[in-house]
1. Rounded, prolate or oblate: which fits region 292-366 when a ≥ b ≥ c are the square roots of the eigenvalues of the alpha-carbon gyration tensor, with rounded for a/c under 1.5 and prolate only if a/b beats b/c?
2. In whole percent, what relative contact order does the chain give with Cα contacts below 8 Å and a gap of six or more residues?
3. Using a 1.4 angstrom probe, figure out how much accessible area the chain has per residue, in square angstrom, rounded to the nearest whole.
4. With +1 assigned to the C-beta of every Lys and Arg and -1 to the C-beta of every Asp and Glu, and no other charges, what is the dipole magnitude of the chain about the Cα centre in debye, to the nearest 20?
5. State the percentage of accessible surface on the chain attributable to carbon and sulfur atoms; use a 1.4 Å probe and exclude ligands, DNA and RNA.
6. Hey, could you grab the Kirkwood Rh for the chain? Inverse mean 1/r over distinct alpha carbon pairs, Å, one decimal.
7. Quick one: which residues, 5+ away or cross-chain, put their amide H under 5 Å from the amide H of T11? H built at 1.01 Å from N.
8. With both partners inside the chain, how many of the DSSP beta bridges are antiparallel, as a percent to the nearest 5?
Amino acid sequence: MIGDTIAAISTPPGEGAIGIVRLSGPEAIVITEKIFRAAKNKDWSRQNFKLVYGYIYSPETKNVIDEVLVGIMRAPYSYTKEDVVEINCHGGALPLRKILELVLNLGARLAEPGEFTKRAFLNGRLDLIQAESIIDIIRASTDDAMRLAVGQLSGGLSDKITAIQQQLLQITALIEANIDFPEEDVDEYNLTDIKLQVEQIMQEIKKLLENAETGKIYREGLRTVIIGKPNVGKSSLLNVLLKENRAIVTDIPGTTRDLIEEVINIGGIPLKIIDTAGIRETEDVIEKIGVQKTRESIKAADFIIMVFDALDGINEIDNEIIKLVQPKKGVKVLNKIDLQEQENPSLKEQLKIILPDWPLVDISALEERNIEKLEQEIVNMVTRGQVIPGDGIMVSNVRHKNQLVKALQHLTDVRDAIEQGMSLDLIAVDIRGAWEAVSEINGTAVTEHIVDKIFADFCIGK
Ligand code: GDP
Ligand code: ZN
């Protein structure tokens with residue numbers, strides 16, 4: 001247990017039907033007893049998992065502050081594994097703030113961002129993967145992103161990581177047995193066996209890394225730029241895509257709202273359209289803001305939708321843009337096909353040659369033709385056929401991915417060391433390194449600094 005009692009307003013700012021002040025820690029119930037009068041149930045503070053109706057009053061003036069429902073969840077069966085009290089009051093700024101003030105005056109400390117969840121982690125209720133998934137659930141902008149996060153909360157990835165840790169520990173035990181009995185020759189069989197096991201773990205890690213890129217896109221969204229010369233139909237396309245697919249987005253602290261304006265749900269993938277300001281204006285990005293700005297937004301993008309004009313064909317502005325987007329992934333869109341009397345084969349041929357790895361889709365933004373085809377093409381490109389597995393086991397967090405890459409490096413070193421007949425001590429160091437890298441994922445071995453950094457990203461009251 002961590003000692004002090006923390007408190008915070010756990011509902012978002014603004015007006016709501018109810019608001020919740022949450023307390024967690026050894027004093028949570030005692031503090032509540034000093035400011036709460038139950039309407040009927042005098043024995044309320046001995047309850048567990050019941051909502052009790054009554055009033056919060058000021059212990060000094062005895063004036064009633066609000067009518068509330070109080071919920072008590074006793075340790076260890078609570079979110080934090082500590083005594084937790086949730087005071088459900090009316091959802092206005094004043095009742096919430098007054099109640100929070102009362103509990104702070106009575107000795108609770110204002111919780112830091114994410115501190116409730118941090119306690120849940122430190123008290124062993126959740127591992128680090130699960131704790132991180134909670135923020136992913138809160139911020140999910142598509143159903144699929146949410147399914148992925150819920151899968152991680154229920155422990156799918158955690159189980160995989162724990163299994164890898166176990167295997168690494170077994171290998172360590174095997175190696176240490178050999179180091180501890182130096183008079184006996186190193187057992188050839190054991191080394192071959194160790195190598196096999198190491199390769200098996202490497203295989204598993206590689207499998208997890210295989211779809212990590214897709215997982216990341218579900219979690220973080222794909223930063224996308226719609227680009228093209230003036231009047232090709234960028235705004236029209238954006239509007240068509242938004243019409244049915246506008247994703248629900250929450251404000252994420254630290255992101256600039258003017259850069260990322262819209263999130264479109266394309267087959268479960270959150271497409272973050274950057275530079276919508278440029279798209280939306282009548283004057284276009286290239287002309288008005290200039291090449292430099294365009295260059296920057298292209299650089300910041302993971303994915304480009306480049307729009308061409310079926311009637312105008314390709315001109316120098318197109319060629320300028322093509323040079324800029326060349327290194328990126330993207331899709332070519334031939335817009336305004338409704339204006340064509342018939343297909344223009346030479347334009348099609350030209351389009352095939354430029355940006356050859358990008359698929360080409362003919363559309364009419366005006367008549368909303370082939371929009372689904374375009375969406376399907378985007379999904380195919382982004383996921384390369386990888387969908388979120390039913391068990392939700394997919395690495396989506398870059399932190400996890402980086403740790404897996406580190407572990408894999410250590411294991412590669414182990415394998416090489418065995419092949420080169422290096423000493424067991426050296427091999428043990430890298431096995432240990434792999435274990436540490438993996439253990440930082442679920443938090444079994446992690447520095448306080450990293451933990452603080454992860455939870456600082458949460459909102460207060462969570
Ligand atoms: P932007 O400058 O690239 O954003 O282009 P806009 O979306 O503002 O479109 C420029 C003009 O082209 C507008 O008059 C649109 O109505 C028209 N337009 C856009 N898409 C199509 C299309 O598919 N077919 C036709 N016929 N006109 C289109
Ligand atoms: Zn426009």
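The values are calculated or read from the model by the stated rules, or taken from the named source; none is laboratory data. Just so it is clear, the structure is predicted and the values come from calculations on it, not from any experiment. Using ideal geometry, Cβ is built from the backbone for each residue, glycine included, and neighbour counts are taken over all protein chains shown. Accessible surface areas use protein heavy atoms only, side chains included; no ligands, DNA or RNA. Shrake-Rupley method; radii C 1.70, N 1.55, O 1.52, S 1.80 Å.
1. The shape class here is prolate.
2. Relative contact order comes out at 18 percent.
3. 49
4. 1860
5. Roughly 52 percent, rounded to a whole number.
6. Computed over Cα pairs of the chain, the Kirkwood hydrodynamic radius comes out at 26.1 Å.
7. Amide H neighbours of T11: I20.
8. 65
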